[in-house]
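Structure record follows, encoded as structure tokens.
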Amino acid sequence: MYANFTAKICRCYSYAQKPLLIMKPTCALLLLALLEVSATAIAQKVSIKQRNATLKVVLEEIRKQSGYEILYEAELIKQVRNISITVKKVSVDETLKKCLENQPLTYVIKNKTITIIPIRPTQNAPGHLYK
């Protein structure tokens with residue numbers, strides 16, 4: 001009786017074993033593919049080549065390539081010097097650093113939004129009044 005019972009259980013298990021052996025590697029490959037897509041979305045790369053362009057034009061190019069929303073005051077952007085920038089497959093963060101170097105601006109990235117803000121003078125800076 002025991003031999004008949006175990007033979008039936010083992011026979012059923014052997015039929016279920018083959019699909020499980022196929023599903024395990026398939027699930028692992030699917031998981032790796034999803035993680036790769038997620039990592040690519042997080043690390044957006046930007047390629048820009050602009051010469052003597054306004055900051056507004058460069059920020060628009062960053063927006064198009066990255067999908068990030070960019071917030072800034074129009075008057076603030078008009079006051080800055082034109083920039084020349086050449087980057088190829090660089091992160092959004094590095095691109096913004098290069099765009100805003102030697103400018104009186106900085107940026108904050110939160111979620112999928114970039115906010116361009118003026119650099120505030122520090123309290124200890126000589127010759128500056130801080131209110």
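How large is ³J(HN,Hα) for each residue in the stretch 54-60, as worked out from phi by the Karplus curve 6.51 cos²θ - 1.76 cosθ + 1.60 (θ = phi - 60°), to whole Hz, x for Gly and Pro?
For the stretch 54-60, the Karplus curve yields 6, 5, 4, 5, 5, 5, 5 Hz.
Give the cross-link partners of residue 88 among the aspartates and glutamates, using a straight C-alpha distance below 15 Å as the criterion and excluding same-chain residues fewer than 8 apart.
Here the aspartates and glutamates satisfying the reach criterion relative to residue 88 are 61.
Kindly identify the stretch 45-118 as rounded, prolate or oblate by the Cα gyration tensor criterion: order the square roots of the eigenvalues as a ≥ b ≥ c, call it rounded if a/c is under 1.5, otherwise compare a/b with b/c, prolate if a/b is larger, else oblate.
Working: a/c = 1.58, a/b = 1.08, b/c = 1.47.
It is oblate, given that a/c is not under 1.5 and a/b is not larger than b/c.
Using the Cβ atoms and a cut-off under 14 Å, what net charge is assigned to the surroundings of residue 92, where Lys and Arg are +1 and Asp and Glu are -1?
Working: positive: 45, 63, 64, 88, 89, 97, 98, 110, 112; negative: 60, 61, 69, 93, 94.
Overall, the nearby charge balance is +4.
Tell me which residues come under 5 Å, amide H to amide H, from residue 106 once H is placed; ignore anything under 5 positions away on its chain.
So residue 106 has HN proximity to 117, 119.
Apply the Karplus parameterisation 6.51 cos²θ - 1.76 cosθ + 1.60, with θ equal to phi minus 60°, to every residue of the stretch 95-106 and state each ³J(HN,Hα) to the nearest whole Hz, in sequence, with x for glycine and proline.
With coefficients 6.51, -1.76 and 1.60, one gets 5, 5, 4, 5, 5, 9, 5, 6, 10, x, 10, 9 Hz.
Mean separation of Cα pairs under 8 Å and 6+ residues apart, divided by the residue count of the stretch 45-118: what relative contact order is that in percent? Display every interim value, and only then the final one.
Values: 107 pairs, mean separation 29.1, N = 74.
That works out to 39 percent.
Name the residues whose placed amide hydrogens come within less than 5 Å of the amide hydrogen of residue 44, ignoring near sequence neighbours (fewer than 5 apart) on the same chain.
The list, which skips near neighbours in sequence, is 92.
Does anything in the stretch 84-107 have its amide N under 13 Å from the 7 Å Cα→Cβ label point of residue 49, and if so which residues?
Counting backbone N atoms under 13 Å from the label point, the list is 85-89.
Could you work out the local net charge near residue 116, counting Lys and Arg as +1, Asp and Glu as -1, over the other residues with Cβ closer than 13 Å to its Cβ?
On the way: positive: 56, 63, 78, 97, 110; negative: 60, 69, 73, 75.
Net charge around residue 116: +1.
The numbers here are math on the coordinates, done by the rules we state, and not lab data. Remember, it's a predicted structure, so these values are computed and weren't measured experimentally. As a convention, Cβ positions derive from the backbone with ideal geometry for all residues, glycine included, and neighbour counts pool all protein chains shown.
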